[in-house]
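For reference, the structure discussed in these notes is given below.
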Amino acid sequence: MRLLPSLGMALPREVPAGGRVIAGEYFAAGTRVGISATNMHRDKGVFGEDAEEFVPERWFREGAGEMEKHLFHVSFAERAWDVVASPGRGGRGD
């Protein structure tokens, strides 16, 4: 699921009140932004230098809980296409 996410599109988020700086660029509140799950799940800064490789052991390494925070989880059950994320990470968090 991490290397080949089921969604090939960017998952949109709305910038919260006060705006945010993302990757050095300022975005005003209400602006719609998004990132591809494929790109995010292959971030070497999060998943290590072997981010492009299938290494199941990575989930047993120290700091694996931090990696978990950076995964997109999509629910197709109750509300189709409702992205479930941790509160404060841009998702609904409910």
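The values are calculated or read from the model by the stated rules, or taken from the named source; none is laboratory data. Predicted, not measured: the structure shown is a model, and the values here were computed from it. Positions of Cβ are backbone-derived with ideal geometry, glycine not excepted, and every protein chain shown enters the neighbour counts.
One table, with the values for the structure above:
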{"item": "The range 68-78, subset more than 10 Å from the chain's Cα centre (by Cα) and either surrounded by 11 or more Cβ atoms within 10 Å (Cβ to Cβ) or not in a loop (DSSP other than H, G, I, E, B) (or both), residue modelled with the lowest pLDDT", "result": "Ser75"}
{"item": "First in the range 33-57 and over 11 Å from Leu71 (Cα atoms), second anywhere and among the acidic types (Asp, Glu), Cβ under 8 Å, 6 or more apart", "result": "Val33/Glu14; Ala51/Asp43"}
{"item": "Residue list for the range 8-45, restricted to those being modelled with pLDDT of 80 or more, aliphatic (A, V, I, L, M) and in a loop (DSSP other than H, G, I, E, B)", "result": "Val15, Ala17, Ala23, Ala28, Ala29"}
{"item": "Subset of the range 22-59 (residues that are surrounded by 11 or more Cβ atoms within 10 Å (Cβ to Cβ) and in contact with a strand residue (DSSP E or B) (Cβ under 7 Å, 6 or more places away or on another chain))", "result": "Ile22, Phe27, Val33, Gly34, Ile35, Ser36, Ala37"}
